[in-house]
Each structure stands twice: as C-alpha cells, then as structure tokens.
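Input: a single structure, listed below in structure tokens.
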Amino acid sequence: MSLLISFKAMAAPLSVGEIAPDFALKQLDGTDFNLSDYQGHKSVYLIFWNTWCGPCMKKAPKLVDIQNELGDRVKLLAVNTSWSDSLSEITRFQSHFSTNYPIAFDDEAEVTHLYGVMGTPTSFLVDINGVIKQVDGITDTLSSHIAQWNQMTPQLGQELMASQGCSKESVC
C-alpha cells in the first residue's frame, strides 16, 4: 500500500521593493478584479484574511473606515484565503461587520500561495507603479503615505530622454 501526499507549491513571502505578481479574481459582487488594471491609476491595498481569524475581525472596522475615507484614492480588496472558510461564512461576516469594501474568495488559495501568505491577516500595499511598498501594518500608515504611493515613477528610458532633452521622436 502506498500513500501519495500532494502539496501545492507556495512561493516565498513577497517583500517590499518587489513587483507584485499580477492576478485576477472575481469579487463577491460578481465583478472582476485584475491587479494590473490599477497600475498607473491608483494604489491597491490587498489584505488576505479569514472569517475565523481574531485579528481579521478586529481589523474589519478599520477597513470599513479606510473604504469610506480613502476609497477614491486606493483600491481595497479583502482576499479570503479559502482556508477552512466558505462563502456562507463570508456572508455572515459581511453582515456582522457591515463591510463596505470589496471581497474576493480565493478558491483553492492560488493567489494566497502566489503571494506567499502563511497566516492571516497579511496585507500588501502595491503602489501605482505595481511595486510592493509595505507589508502589514498598512491600516496605520495608509493615510500618511497614499499621496506618495500614488505617484507615477518615470521609467528609466523616459528619465534618460528627459535628462538629455530628447523626445520619443528624436534620436539621442
């Protein structure tokens, strides 16, 4: 008799300065979320969570406040890892905490593994350029840093052309 054990490959935890891996998820309201859609438009605050997670419950009212106060300047997406969770439990959580922010269910935890999430809550701030600027502790720093995180960084080629007085049409 043989025993076959299968493990999903999990990426190493992502860190500040890395380009955030692109992904697509369907939000619970039925709309699609694609991380790359926000590059060049606004920062994205990703929080990986579960309904049974005590610190996640404590954070829910803060996320409601962030959505109310900064929702026009940052895209907040609460990604449920699907670890021992279900859509019905999420619905109860939403009702209990009067959530007003977008939630997605990461069925089979594919995005959770892509981001190297090992526990919840885990959060990432992805700036307007697609770079991870902060991991965890974001609810405390978001309002003071959002203007900076929403500034486009010129690409190296554009920077070089500007410093030499060149344009796309001319050869330098």
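Filtering region 65-103 to residues that are of a type in the set (A, V, I, L, M, F, W, C), within 20 Å of Thr31 (Cβ to Cβ) and surrounded by fewer than 18 Cβ atoms within 10 Å (Cβ to Cβ) leaves Leu70, Leu87. When region 32-49 is examined, which residues are found to be of a type outside the set (Phe, Trp, Tyr) and surrounded by fewer than 21 Cβ atoms within 10 Å (Cβ to Cβ)? Correct list: Asp32, Asn34, Leu35, Ser36, Asp37, Gln39, Gly40, His41, Lys42.
Restricting attention to region 14-31, the residues that are in a strand (DSSP E or B) and either closer than 14 Å to Leu114 by Cβ or not charged (D, E, K, R) (or both) total 4. Number of residues in region 52-63 that are closer than 19 Å to Phe105 by Cβ and open to solvent by 20 Å² or more (accessible area, probe 1.4 Å) equals 3.
Which one is farthest from the chain's Cα centre (by Cα) among residues in region 111-125 that are over 19 Å from Asp65 (Cα atoms) and crowded, with 18+ Cβ neighbours inside 10 Å?
Thr120
So that you can scan it fast, the table gives a plain yes or no per residue for (1) touching a residue at least 24 places away in the same chain (Cβ under 8 Å); (2) touching a Ser or Thr at 6+ places or on another chain (Cβ under 6 Å); (3) within 21 Å of His145 (Cα to Cα):
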{"site": "Ile19", "(1), (2), (3)": "yes, no, yes"}
{"site": "Asp29", "(1), (2), (3)": "yes, no, no"}
{"site": "Leu35", "(1), (2), (3)": "yes, no, yes"}
{"site": "Thr51", "(1), (2), (3)": "yes, no, no"}
{"site": "Cys56", "(1), (2), (3)": "yes, yes, no"}
{"site": "Pro61", "(1), (2), (3)": "yes, no, yes"}
{"site": "Gln67", "(1), (2), (3)": "yes, no, yes"}
{"site": "Asp72", "(1), (2), (3)": "no, no, yes"}
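Would you kindly identify the helices (runs of 4 or more DSSP H) lying entirely within region 74-172 that contain at least 3 residues that are modelled with pLDDT of 95 or more?
Of the helices (runs of 4 or more DSSP H) lying wholly inside region 74-172, those with at least 3 residues that are modelled with pLDDT of 95 or more span 87-97, 110-114, 138-149.
Mind checking which pairs have a first residue in region 89-105 that is closer than 14 Å to Leu63 by Cα and a second that is outside any strand (DSSP E or B) and of a type in the set (Gly, Ala, Ser), Cβ under 8 Å, 6 or more apart or different chains? Close Cβ pairs (under 8 Å, with a partner that is outside any strand (DSSP E or B) and of a type in the set (Gly, Ala, Ser)) amount to Phe93/Ala60; Phe97/Ala60; Thr99/Ala60; Tyr101/Gly71.
The values are calculated or read from the model by the stated rules, or taken from the named source; none is laboratory data. Keep in mind that this is a model prediction, so the values were computed, not measured. Note that each Cβ is placed from the backbone with ideal geometry, even for glycine, and that neighbours are counted across all protein chains shown. SASA here: full protein model, heavy atoms, side chains in, ligands and nucleic acids out. Shrake-Rupley method; radii C 1.70, N 1.55, O 1.52, S 1.80 Å.
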